[in-house]
Each structure stands twice: as structure tokens, then as C-alpha cells.
Ligand code: SAH
Ligand code: SF4
């Protein structure tokens, strides 16, 4: 495996920059997955096509890559035959490499994936009766260190690239056999748009209907790559998933929340987990940098939030730490005070080896939920999914990077010092 230097802990407001959009490969070919049309056209022009031809080919390639899920240039029937090997000499159509795949007793599937430079990360698919949700990772590890989260005990290795992020969704479509199969290939070039073959398939009946940026990592600390990847997911001629079916979860990177609404436009979920400074400082340490008031004010100002599009507040139920009746009442008060169009997701704590907390009792969780419900705020209790394969919220951690207890404690100190 190539050594990748550990990433620096992000500064006061800046997301960690990732300078390159093109993955360097030993054979010199460029992986097109993750690149937008304009970048593909630029690469084709650099390879010798004139500007007009480059734009046309980029449009065709884009459709085959992201709308059709084709991984072989030879299958691109509207591209002239001699052009196909020319493309294959210069480009590849990649997918994250699958190291292992596990299926839970409840149908949840977890994939352990490996980047081209040898780092492991995970994605999870959660089928339900009326929907299927893909839980996508944004980073290998996490710079933050929420005390109840297993991912937080990993070092941050690096940000995932746009190709590695959109690649997870593409891999899931491969695995579920869900690429559209319309008659598009026989249509003339001018009709290469999202509506051209819309009649040939619909989103109905698909397994993968929703995406949550809730896998490994803090998506707002990898802002540009997450934005660029989700643009491909939402593009009508790309994966064509509606922004209403995509939710980004943040632990509370306040300075980037407005940009998330403006530039990405997806639903927002916020990992609240506590209603006092004392408890939130302990369990979600980014709270020391961006406190509750600033966080809730940023939620109230979130572009696109409304009663029809509520913000989800995630609240992990930790025994004797944040689960009293008065915590529930304070939660209601805070949401009202900030006039938030809110729903609350109560997440039973998912244990992992060495975790410093226990899950609240089912009776306690129910009592908490009822107080919030009684105030007119939806507060369902989430059923844990995929616990038997360590696929539930907060359980994701790649085995390759287990830290010793001493290393872990040192890391916590480092991360907390960096948060100030
Ligand atoms: N970093 C982002 C997104 C990934 S975490 C964030 O923190 O929001 C997805 C959700 O799982 C978050 O709400 C997180 O707080 C929660 N979570 C983490 N560890 C958990 C655990 N052990 N049990 C239950 N939920 C957990
Ligand atoms: Fe990182 Fe989210 Fe886990 Fe916190 S809960 S350590 S932000 S992945």
C-alpha cells in the first residue's frame, strides 16, 4: 500500500482541501468517474479532439457513465467504433474495489471498500418496505471524536474524492442491478438528455431510493468533494436522484451549513445528541468550537428548510447521560425558541467494544419520545439495523486501523486540543 500522510486536523473554519480531482494511475490512464462534463471535455481536448467534438463526446460519455452505469467503452453504441479503443487507451471507468461484503439477518448489506491507494472505508445499504437507503461515507476515518462513535476512534486518513463518493452509489446500483435499460442507444445524439428515455423506466420499484451522507466521516469537512459528487448524483442526465431524497448529516460545522443549503441543496440532519453545553461538549466535542446557540441559529437559517422540508435532529440515547425527561423538555424548548421546522430521530446507542456508554432502556426511550411527540414534534425511535455485522450508526470502523487504548487516548487529547 502507498503511504498516505495523515491529514491535518482542519483549522477554525476551513474544510480540508483535497487538491486533485484526477486519480493518478500507474498506467497513465485517467479514471473518469467523479468528473463533471466540463472536465471530461477538457481531458478530451487535451487528448487531441477539437473543442466542439470534445463537448459532444463529453456529453455522450457523461450519459453512459452516470446515467447508464456502463463500465466498458465498447458498449457505448452511439460513439463511433474506432473511437472506443481510442478512449480505452486513455481513460478508465472505475469503481471502488470491494474487499468484502456482508449481509445482516435483517437484510442490511455492508461493503468494505478499498481506495486505489489502499485505504479501507465502508458503505451500507438499508432496505425497508417502502424505500432503500444507501449510507455513504465521505472520509476515511474522521477528524472529530464524538465519544459514542466508533468511527471517531479512527485517525482521519484522508478525504474521499468525488469519484470515490459517487462511486459508492454507482457500485450499489451495480450490485442491485438498477441501471436503467431504455432504448436510448438507438436515439439520435440530440435526444441525449434525461427526458429522452424517461418513458422506458421510472424510479418506482427501485430498491435504492434514498441517500444519506451518514457513513464514515464529517461530510462538511470534505465540502467540495461531497458537493461535486452529489451534483453528479442529482444531475438529471446523471444518476438523477432528487435532492429531496438525499440527506447530509453534520455534527455541527456551523460555518459551512449555509453553503451546504445554497450549493448542495439537500436535506439537512444535525447530530444534536444533547441540550446542554456541558453534555454536548463531552459527547460531541465540536460543540466547544461551535456551541448550541450558533448551531441552532444556523439551522433556523438553513436555506430550503420549511415545514414541508424539516431539519432532522439526531439524538443518540445514552443511559443516564442525555435521556432524562427534563432533557426531552429542554429539547422541545430549544426547538421552539429557534422556531425550527424540526423532526427528531431518536437513535438507540449502538454499542462497540470499549465504548464508554450504554444504551438507554426501551422504557426511557419511549418516555423521552412521548414528551417530544406531545409537543407536536415527530420523534420516532429508529430501529437499529445491521448491528450483527457492525453496520449500524456509529459502528463503522475499518479493521486495518485499530488503535491501542493508549494511542486512542492520545488521539482524543490531540483532537480536543485542536478544537480549542
Ligand atoms: N459525521 C456525521 C455523519 C456520520 S454519523 C455526523 O456526525 O453527523 C451518522 C449518525 O450516527 C450521527 O448522528 C452520529 O452521531 C450517529 N452515531 C454515531 N455513533 C453512534 C452510535 N454508537 N450509536 C448510535 N448512533 C451513533
Ligand atoms: Fe465523526 Fe460523525 Fe462519528 Fe462524530 S459522529 S466522530 S462527526 S463520524
For residues that are assigned to a helix (DSSP H, G or I) and either more than 16 Å from ligand 2 (Cβ to nearest atom) or more than 10 Å from residue 298 (Cβ to Cβ) (or both), tally how many sit in region 252-277.
7
Against the condition surrounded by fewer than 24 Cβ atoms within 10 Å (Cβ to Cβ) and on the phi < 0 side of the Ramachandran plot, how does residue 118 come out, does it pass?
no
Residues that are farther than 23 Å from residue 282 by Cβ, outside any loop (DSSP other than H, G, I, E, B) and more than 15 Å from ligand 1 (Cβ to nearest atom), drawn from region 370-387:
370, 373, 374
Could you list, in sequence order, all residues of region 333-354 that are in a loop (DSSP other than H, G, I, E, B) and within 11 Å of ligand 1 (Cβ to nearest atom)?
349, 350, 351, 352
Matching residues in region 113-136 - criterion: being in a strand (DSSP E or B) and within 14 Å of residue 210 (Cβ to Cβ):
123, 124, 125, 126, 127, 132, 133, 134, 135
Does residue 61 qualify as being away from ligand 2 (no atom under 16 Å from the Cβ), in contact with a strand residue (DSSP E or B) (Cβ under 9 Å, 6 or more places away or on another chain), more than 30 Å from residue 321 (Cα to Cα) and modelled with pLDDT of 95 or more?
yes
Qualifying residues in region 284-294 (those that are surrounded by 22 or more Cβ atoms within 10 Å (Cβ to Cβ) and in a helix (DSSP H, G or I)) - the one farthest from ligand 1 (Cβ to nearest atom)
287
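Results for (1) touching a strand residue (DSSP E or B) at 6+ places or on another chain (Cβ under 9 Å); (2) within 16 Å of ligand 2 (Cβ to nearest atom); (3) free of Cβ contacts under 8 Å to residues at least 40 places away in the same chain; (4) under 17 Å from residue 269 (Cβ atoms), shown as yes or no for each residue.
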residue	(1), (2), (3), (4)
314	yes, yes, no, yes
317	yes, yes, no, yes
339	no, no, yes, no
346	yes, yes, yes, yes
355	no, yes, no, no
360	yes, no, no, no
363	no, no, yes, no
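The values are calculated or read from the model by the stated rules, or taken from the named source; none is laboratory data. Bear in mind the structure is a predicted one, so any value in this text is a computation, not a measurement. Don't worry about glycine lacking a Cβ; one is built from the backbone with ideal geometry, like all the others, and counts go over all protein chains shown.
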